[in-house]
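Chemist: Below are the structure tokens for one structure; questions will follow.
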Amino acid sequence: MKILAISGSSRRLSTNTALLNAMKEMAPEGVEFIVFSRLDSLPIFSPDAEGALTPEVVCDFIKLVQECDGLIISSPEYARAIPGGLKNAIDWMVSRFEIVDKPVALAHASHRGDDMLHSLRLVLSTVSSKFFEDHFLRISLIGKAPDEVYELLRSTELQKDVSRFLDTYLAEIRGSSSQCID
């Protein structure tokens, strides 16, 4: 199984990226976990740049989405909203089909950010028919450096939370896939 984890932050020392990288290390055997943290590499979406004119970097990103079995998104809140880079990436997929039936779950590295999360949930429920709105991992990591995030997530209780989140999400993906076969 292949999971694409998208960080909504392009900051080099992002706690959301650190959370996803730590989750990658904790992923069960047999799960390929790819962390994408370069939303700043995608050009600003324009309908005029779709189809044959789609930039190669966008095609590469879309291919990652297409080839994964599920998406986990972890994002900060910027001015009570979805960061522009994450919204831009989603905009590139709005008129495409790669994300429509893709299971999507959220993780969040802060105790705050509810306005962004509400907006992101609304957007994701619009673009994916398999957005698992209630499947959510929140760990307060605000102000932590990546090495501190890794150390905290190795603690017994937080490690259990992450493992439970991943195990439940992977089971939902498997259940979702088997329903498509029936």
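The values are calculated or read from the model by the stated rules, or taken from the named source; none is laboratory data. Keep in mind the model is a prediction, meaning the values are calculated, not measured. Note that each Cβ is placed from the backbone with ideal geometry, even for glycine, and that neighbours are counted across all protein chains shown. All accessible areas refer to the heavy atoms of the entire protein, side chains included, with ligands and DNA or RNA removed. Shrake-Rupley method; radii C 1.70, N 1.55, O 1.52, S 1.80 Å.
Chemist: I want to verify a result. In a Gaussian network model of the chain, Cα cutoff 10 Å, which of these has the top mean-square fluctuation: D114, D134, D91?
Modeler: D134
Chemist: At 1.4 Å probe size, put L13, L141 in order of accessible surface, largest to smallest.
Modeler: Putting L13, L141 in descending order of accessible area: L13, L141.
Chemist: Take every DSSP beta bridge with both residues inside the chain and express the antiparallel ones as a percent of the total, to the nearest 5.
Modeler: Roughly 5 percent of the beta bridges in the chain run antiparallel, per DSSP.
Chemist: Separate question: Please compare each pair in K102/K160; K2/K63; K87/K160; K63/K102; K24/K102 to a cut-off of 21 Å on the Cα-Cα distance and tell me which ones are over it.
Modeler: Violating the 21 Å Cα-Cα cut-off are K102/K160; K87/K160.
Chemist: For region 73-165, state the average projected area of the convex hull of the C-alpha atoms over all orientations, rounded to one decimal in nm².
Modeler: 6.4
Chemist: Can I ask one more? Just the number, please: carbon plus sulfur as a percent of the accessible area of region 1-141, 1.4 Å probe, no ligands or DNA/RNA counted.
Modeler: Carbon and sulfur together cover 50 percent of it.
Chemist: Need one word for region 1-136: rounded, prolate or oblate. Basis is the Cα gyration tensor (sqrt eigenvalues a ≥ b ≥ c); a/c below 1.5 gives rounded, then a/b vs b/c decides.
Modeler: rounded
Chemist: Which helices count as membrane-span-like in the chain under these terms: full DSSP H, at least 15 Å along the axis by C-alpha, Kyte-Doolittle mean of -1.0 or more?
Modeler: Result, helices passing both filters: 15-26, 56-67, 114-127, 156-181.
Chemist: Which one of A107, A145, A89 has the biggest mean-square fluctuation once the chain is modelled by GNM with Cα springs under 10 Å?
Modeler: A145
Chemist: Which FRET efficiency value, to the nearest 0.05, is calculated for E56 and K24 with the Förster distance at 22 angstrom and r the Cβ-Cβ distance?
Modeler: That pair, E56 with K24, gives E of 0.30.
Chemist: Quick query: amide H of H108 versus all other amide H atoms, modeled in the peptide plane; which residues come in under 5 Å with a sequence gap of 5 or more or a different chain?
Modeler: L137, R138, I139
Chemist: Please give the solvent-accessible surface of D147 in Å², to the nearest 10, using a probe radius of 1.4 Å with every protein chain present.
Modeler: Only protein atoms counted, so the area is about 110 Å².
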